[in-house]
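Input: a single structure, listed below in structure tokens.
The values are calculated or read from the model by the stated rules, or taken from the named source; none is laboratory data. All values reported here derive from a predicted model rather than from experimental measurement. Note: ideal-geometry Cβ built from the backbone for every residue, glycine included; neighbour counts use all protein chains shown.
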Amino acid sequence: MPVVSLTADRPADVAADVLVLAVAAPPEPGGDPVLLGADALPEALSAALAAPVLRALGVGGRADSVVRLPSAGAVAAPVVALTGVGRVAGAVPDAEALRRAAGAAVRELAGTATVALALPVASAQEASAVAEGAALGAYAFGEYRVKAAAGDRTPVENVTVLVPEGLQDWDADGLLDRVRIVGEAVALTRDLVNTPPSDLYPESFAERAGVAVDGLPVAVTVLDDEALAGGGYGGILGVGKGSVRPPRLVHLEYAPEGAHGSVALVGKGITFDSGGLSIKPASGMADMKSDMAGAAAVLATVVAAARLRLPVRVGGWLAIAENMPSGTAQRPSDVLTTRGGRTVEVLNTDAEGRLVMADALVDASQTKPDLLLDVATLTGAQVVALGNRVSAVMANDDALRERVVRAAGEAGEQVWPMPLPPELRAGLDSPVADIANIGERFGGMLVAGLFLAEFVGTREDGERIPWAHLDIAGPAYNTGSAHGYTPVGGTGVMVRTLLRLLEDVAANGA
């Protein structure tokens, strides 16, 4: 991650290898692109980047476009880069447009040592967005590179964000600390998701969780297969039966004095999902190393909350197993007994995430949290419904669902509210067990949510714990091209949303 700093220096004077400026797309078709912040630039440079010149250069302000030009001595930096912010609805881009433009620029400028971002910033929120986008955009996963591929470039090392003079009176140190902690939390999630399953399996994932919280006020409990058997965790054990590498359940507990509320987070941690005996097609199976992205996001969120010293109690449950076919694997038509005694008929072994999550949801419910959320790469139906960039949220509580959507919007992540139609619940009825692990094919994302809802416990007053389910099947792993601050591979999605929600709880209560 780069070293990020703030400066009130003028764009012409800042020392950097590249000075990045923002260009907005034409507000109307056929219109002119707009160089933002031109009045803060030397007259020679702003004239050289007037609309006719931008058009001639093919600079249209499209989001994810980055064009480099020589500065010809007009500013201290030898190179100027123009990053597109897309079409701007008002006078300036919103925070997420700035975050993406900064991320795209820093990602494209890999191989450059120092970059200065002179994007239109008028508030601490916008400065934070630019700095965060830069931190996220500089990510690279090179752990397994023995020999660098041709064209590999080192991520940007230093980023300076230009801000107006008044912004320096704001808590700049606090802003930069949060940017660093968020950036490192997202990078931790991406690293875990990108690690091959030969190296990231239940035992090693549990060990890495312990390393991640080392030195922080976070208690760690790891249940191995023997402890899981003794505790009646039949869902996790059933999924892990087919693998020679037994499952684990990791419980993290951050409990600061004076906490303003308690939030439980449950993450799906399938380190590799072959589908089990209901085996997946070969195409796309390599991407199934990402099926633990929910657990990785939960781990990183707990780490970030502890590092930020948020006054909220946070419990994290990582339900970790490897779903493999073998002579010991669970079979379609098997019945397993989950934590708490509910029985499940397994009709499809590729609907395994909900089985491990069921055990963890019961465990988390027993701590009687104020709020309970789970995060999982749960269903292909999520991708069909919302694509690869928008996560889904379902909940048993309308206020919590709206709160998650609001937190996601503030964090810059796309989340769409989805229902839990009660009429779909009948499809999960089983003639031999309390519930089946699959129901109707259509509305499969919603059916999976209804299954999980069955394992959410009650509060002391007997009412259901407010619970939200986040299905991140598509957004967790980018199989397409890099965009904005999002790399190819693990994206680290939901860390920022969960952290923003925890900050909201810390400030306003559960």
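Taking the range 262-293 as the range and being part of a helix (DSSP H, G or I) and among the aliphatic types (A, V, I, L, M) as the test, the residues that pass are MET285, ALA286, MET288, MET292, ALA293.
Candidates ALA116, ALA105: the one that is crowded, with 24+ Cβ neighbours inside 10 Å, within 24 Å of ASP32 (Cβ to Cβ) and modelled with pLDDT of 95 or more is ALA105.
Across the range 395-414, the qualifying residues are those that are over 17 Å from the mean Cα position of the chain (by Cα) and of a type in the set (A, V, I, L, M, F, W, C), and the one among them that is surrounded by the fewest Cβ atoms within 10 Å (Cβ to Cβ) is ALA399. Checked against the criterion of being closer than 17 Å to LEU223 by Cα and either surrounded by fewer than 22 Cβ atoms within 10 Å (Cβ to Cβ) or over 17 Å from the mean Cα position of the chain (by Cα) (or both), the candidates MET357, MET285 yield just one match: MET357. Scanning the range 479-510 for residues that are surrounded by fewer than 22 Cβ atoms within 10 Å (Cβ to Cβ) and part of a strand (DSSP E or B) yields HIS483, GLY489. The residues of the range 415-440 that are under 22 Å from the mean Cα position of the chain (by Cα) and either crowded, with 20+ Cβ neighbours inside 10 Å or within 16 Å of LEU371 (Cα to Cα) (or both), listed by number, are VAL415, MET418.
Return the residues of the range 39-62 that are buried (at least 18 other Cβ atoms within 10 Å of the Cβ) and aliphatic (A, V, I, L, M); say none if nothing qualifies. Hits for the range 39-62 are LEU41, LEU45, LEU49, LEU54, VAL59.
Residue by residue, here is whether (1) among the hydrophobic types (A, V, I, L, M, F, W, C); (2) within 17 Å of GLY412 (Cβ to Cβ); (3) under 18 Å from the mean Cα position of the chain (by Cα) holds:
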site	(1), (2), (3)
LEU176	yes, no, no
ALA185	yes, yes, yes
ASP191	no, no, yes
ASN194	no, no, yes
ASP199	no, no, no
SER204	no, no, no
VAL211	yes, no, no
LEU216	yes, no, no
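What is the one condition in (1) touching a strand residue (DSSP E or B) at 6+ places or on another chain (Cβ under 8 Å); (2) in a loop (DSSP other than H, G, I, E, B); (3) free of Cβ contacts under 8 Å to residues at least 60 places away in the same chain that LEU69 does not satisfy? Among (1) touching a strand residue (DSSP E or B) at 6+ places or on another chain (Cβ under 8 Å); (2) in a loop (DSSP other than H, G, I, E, B); (3) free of Cβ contacts under 8 Å to residues at least 60 places away in the same chain, the lone unmet condition for LEU69 is (2). Do the conditions hold for GLY462, that is, is it of a type in the set (Gly, Ala, Ser), surrounded by fewer than 17 Cβ atoms within 10 Å (Cβ to Cβ) and not in a helix (DSSP H, G or I)? For GLY462, the condition - of a type in the set (Gly, Ala, Ser), surrounded by fewer than 17 Cβ atoms within 10 Å (Cβ to Cβ) and not in a helix (DSSP H, G or I) - is met.
Inspect all residues belonging to the range 246-259 and state whether any of them is surrounded by fewer than 21 Cβ atoms within 10 Å (Cβ to Cβ) and farther than 27 Å from LEU400 by Cα. Yes, some residue in the range 246-259 is surrounded by fewer than 21 Cβ atoms within 10 Å (Cβ to Cβ) and farther than 27 Å from LEU400 by Cα. Checking the stated criteria, PHE205 turns out not to satisfy the condition of being surrounded by 17 or more Cβ atoms within 10 Å (Cβ to Cβ), modelled with pLDDT of 95 or more, outside any helix (DSSP H, G or I) and among the aromatic types (Phe, Trp, Tyr).
Out of LEU188, LEU175, LEU216, LEU192, one residue alone is touching a residue at least 12 places away in the same chain (Cβ under 8 Å) and either in contact with a Ser or Thr (Cβ under 8 Å, 6 or more places away or on another chain) or basic (Lys, Arg) (or both). It is LEU175.
Scan the range 228-241 and give yes if some residue there is assigned to a loop (DSSP other than H, G, I, E, B) and closer than 18 Å to ALA296 by Cα, otherwise no. No, that holds for no residue. Looking only at the range 9-44, residues that are without any contact (Cβ under 8 Å) to a residue 12 or more places away in the chain and part of a helix (DSSP H, G or I) come to 3 in all.
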